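The values are calculated or read from the model by the stated rules, or taken from the named source; none is laboratory data. Predicted model, so just to flag it, every value in this text is computed and none were measured. Counting neighbours? That spans all protein chains shown, and the Cβs are built from the backbone with ideal geometry, glycine included. Just the protein is used for accessible areas: all its heavy atoms, side chains included, with ligands, DNA and RNA removed. Shrake-Rupley method; radii C 1.70, N 1.55, O 1.52, S 1.80 Å.
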Amino acid sequence: MMKYQNCSIRLAAIEDAKQLCEWWNDGAIMAHAGWPLGAKTTIEEVIERITKSPSTRYIIEYDDVPIGEMSARKVDESTAEVGIKICDSDYLDKGLGKIYLSLLFQHLFDEQGCESIILDTNVNNLRAQATYKKLGFEEVSDQRRSWPDQLGVMQYSIDYRLIKSDFNSFAENSRNNI
């Protein structure tokens with residue numbers, strides 16, 4: 001478990017499948033990922049992803065209450081690809097994303113031997129983009145990848161990369177009032 005004050009990250013367990021399924025099937029939560037009608041998944045499919053996916057899935061908690069999820073997957077020996085969703089809207093716009101991401105990145109850099117982290121985000125997710133930039137991410141290229149969401153609306157994503165030496169942890173951000 002990774003922890004900072006009231007924020008903690010733990011490995012997802014089979015017992016989390018019901019909660020994950022509810023989040024993944026909620027179109028309001030999943031719209032940014034191209035699923036405005038929800039992922040239409042089952043608890044059994046979620047259990048399969050928890051137990052057999054090459055990605056490590058984490059539950060993010062605030063005061064020991066699940067509020068979202070994260071994932072990390074090694075794409076090669078020194079690079080991990082990550083994702084995050086704060087699913088409980090009561091916890092959005094409170095600066096918690098920086099804390100959770102900092103905890104995960106510190107773990108990936110210090111304990112998993114990563115030298116870089118990559119991620120992508122919907123071009124319309126300005127809040128996430130601001131957070132990523134504060135943590136030290138840079139846009140990989142000006143090219144945007146596109147795909148149609150469930151409703152056929154074109155979506156665009158931006159690729160980001162963080163090099164270990166450019167990482168501005170939450171603690172550093174706090175000292176700099178970012």
Some residue of segment 50-61 being touching a Cys at 6+ places or on another chain (Cβ under 8 Å) and either more than 17 Å from L104 (Cα to Cα) or outside any strand (DSSP E or B) (or both):
no
Looking at T56 and the list (1) open to solvent by 40 Å² or more (accessible area, probe 1.4 Å); (2) over 16 Å from L119 (Cα atoms), which single condition is not satisfied?
(2)
Suppose we filter segment 1-46 for residues that are under 11 Å from I59 (Cβ atoms), at pLDDT 95 or above and in a loop (DSSP other than H, G, I, E, B); how many remain?
2
G38 vs (1) at positive phi; (2) in contact (Cβ under 8 Å) with a residue 40 or more places away in the chain: all pass except (2)
Given the structure, is I50 in contact with a strand residue (DSSP E or B) (Cβ under 9 Å, 6 or more places away or on another chain), open to solvent by less than 20 Å² (accessible area, probe 1.4 Å) and of a type outside the set (G, A, S)?
no
Determine the pairs where a residue that is more than 18 Å from D120 (Cβ to Cβ), located within segment 150-165, has a partner that is assigned to a strand (DSSP E or B) with Cβ atoms under 8 Å apart, the partner being 6 or more residues away or on another chain.
K164/S116
